[in-house]
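Can you keep this structure in mind? I'll have questions shortly.
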Amino acid sequence: MVQKIISKEDALLRAESLLGVSENLLLGVVGKPGVGKSTFTQNMLNVLKSDRVAVVPMDGFHLSNEELVKVGKREHKGAPDTFDVQAFVELLQLLKKRDGREVIFPTFDRESETSIPGGGRILPSATLVVVEGNYLLHPDDGWEEVKSYFDETWYLELDENVRRSRLVDRHIFFGKSPIEAAAWVENSDDKNALLIGASRTLAGIVVVVD
């Protein structure tokens, strides 16, 4: 597979062109923690200004903090095995055959670190659904099937120093002390980032962001 590397401006132009390609197209946007997936996809919505495009964040499928405590994984929240991947796959299956129906999906509140059932919806008018998340290309831990549902996959790439700095700032914003934030990035986020980075070659397009 020949992998294209494009700018974020060209990516937005490509997204606009995809609106007319199919009546039911799924685009996967992948990237490491802190790379700006949510910002990128929100900007896509703002630029396209169309009810034919919708965004689904993977973060709504985080297992609850209570469940993670039970299984001893609370300190690893964000790792591949701390999501309800089966429910995520079921959503992707529904999106591929939704036949113009409205689809409800869970969202994630960063402040409380909890998923909100039914927090988001995809209107029947949406022909391009953009799914963003860390592990859309991950080949293990139950994620093997996920990639097959996407018509295209984009990998967002950002300078590593910038990415880590933004990630620390985000953790501080949501309540961690500077020391706690730096430790979480080093002990959790960076380990997940290595897994995500290993999947870069599986994406059809690499989008360079800043």
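For region 158-166, does any single residue satisfy the condition of being part of a strand (DSSP E or B), in contact (Cβ under 8 Å) with a residue 60 or more places away in the chain and surrounded by 16 or more Cβ atoms within 10 Å (Cβ to Cβ)?
No: region 158-166 contains no residue that is part of a strand (DSSP E or B), in contact (Cβ under 8 Å) with a residue 60 or more places away in the chain and surrounded by 16 or more Cβ atoms within 10 Å (Cβ to Cβ).
Another question about this same structure. Kindly provide the set of residues from region 184-196 that are under 19 Å from the mean Cα position of the chain (by Cα) and open to solvent by less than 80 Å² (accessible area, probe 1.4 Å), ordered by number.
185, 188, 189, 190, 192, 193, 195, 196
Then there's this: Can you pull out every residue in region 12-34 that is among the aliphatic types (A, V, I, L, M), surrounded by fewer than 21 Cβ atoms within 10 Å (Cβ to Cβ), part of a helix (DSSP H, G or I) and touching a residue at least 12 places away in the same chain (Cβ under 8 Å)?
Within region 12-34, 12, 18 meet the criteria.
Something else about it: Just to be sure I understand, how many residues within region 74-91 are more than 29 Å from residue 161 (Cβ to Cβ) and either open to solvent by 50 Å² or more (accessible area, probe 1.4 Å) or in contact (Cβ under 8 Å) with a residue 40 or more places away in the chain (or both)?
Residues in region 74-91 being more than 29 Å from residue 161 (Cβ to Cβ) and either open to solvent by 50 Å² or more (accessible area, probe 1.4 Å) or in contact (Cβ under 8 Å) with a residue 40 or more places away in the chain (or both): 6 in total.
So that you can scan it fast, the table gives a plain yes or no per residue for (1) farther than 20 Å from residue 3 by Cβ; (2) touching a strand residue (DSSP E or B) at 6+ places or on another chain (Cβ under 7 Å):
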residue	(1), (2)
112	yes, no
120	yes, yes
146	no, no
192	yes, no
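Also: I'm checking my understanding of the structure. Among residues of region 167-183 that are crowded, with 19+ Cβ neighbours inside 10 Å and either in contact (Cβ under 8 Å) with a residue 60 or more places away in the chain or of a type in the set (A, V, I, L, M, F, W, C) (or both), which one is farthest from residue 10 (Cα to Cα)?
Of everything passing the filter in region 167-183, 181 is farthest from residue 10 (Cα to Cα).
Among the residues in region 42-50, are any out of contact with any Pro (no Cβ under 7 Å at 6 or more places or on another chain), under 22 Å from residue 147 (Cα atoms), touching a residue at least 24 places away in the same chain (Cβ under 8 Å) and not in a strand (DSSP E or B)?
Yes, region 42-50 contains at least one residue that is out of contact with any Pro (no Cβ under 7 Å at 6 or more places or on another chain), under 22 Å from residue 147 (Cα atoms), touching a residue at least 24 places away in the same chain (Cβ under 8 Å) and not in a strand (DSSP E or B).
The values are calculated or read from the model by the stated rules, or taken from the named source; none is laboratory data. The structure presented is a predicted model; accordingly, all values stated were derived computationally and were not measured. Heads up, the Cβs are rebuilt from the backbone with ideal geometry, glycines too, and the neighbour counts pull from every protein chain shown. Only protein heavy atoms, including side chains, enter the accessible area calculation; ligands, DNA and RNA are left aside. Shrake-Rupley method; radii C 1.70, N 1.55, O 1.52, S 1.80 Å.
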